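I have placed the structure first, in the form of structure tokens, so that the comments after it can refer back to it.
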Amino acid sequence: MSRTAPSDSATRDARVGRLQAARTRDSEAKTARTLNVVRDLLASGQRISCARVAREASVSTWFVYNQAQVRDAVRAAMREQHEQGRQVSGSGSRQPVTPAGLYTELALARDEIKDLKKERDRLRERVRLTLGAELDDVDRRQLVERIQQLEQRSTDLNHELSDARDRLTTLEQRLQDSEDDLTAARAGLRRALRAVPSK
């Protein structure tokens, strides 16, 4: 019995080592993919948010917030867009805005708001469930740091949610204006057709 114990322990250690290595490789792949998404969004001038980066990279928003390299890259990109003014790809060509395009933007904005609300609710639930356990396991300094991190994440989410709502309001107004213009153009066309003398 005692002779097999070291072998069992070695097998278990090897299995744990393989799992840790696989987890590390998966995390590195997710990090690289997410950083590429941040670079692509920034280069194309598309609006960057944690929720959008997570969706485009097929990772969780938890990963974006908790992987330091990714979180810092997203915040730096958002700060750069804010400071320099976001230049949306194609805006320089002044292509006409169509109702279909506005509907698409509206749907994306609504999805983003939905994702942000879900992340906010998950964060609140996680705080509620884990804060008691953390009180038992960590000293006061670590607890204060953890609370500050959670408060910062909550603040970031609230800012993103506010931005997304503002963007949704703007898109809805643009869509209404576009539909009004379209209605006026159709009415003008009908008047012009009636004014043409019949032969």
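Summary of values
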{"item": "Proximal charge balance of residue 64 [Cβ under 12 Å; K/R count +1, D/E count -1]", "result": "+1"}
{"item": "Protection proxy ranking, peptides 115-124, 43-52, average beta carbon neighbours within 10 Å, highest first", "result": "43-52, 115-124"}
{"item": "All Cα pairs of the range 11-64, percent lying beyond 14 Å", "result": "58 percent"}
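Read the figures in this text as sums done on the coordinates, not as results from a lab. None of the values given here were measured: they were computed from a predicted structure. FYI the Cβ positions are ideal-geometry reconstructions off the backbone, even for glycines, and counts take in every protein chain you see.
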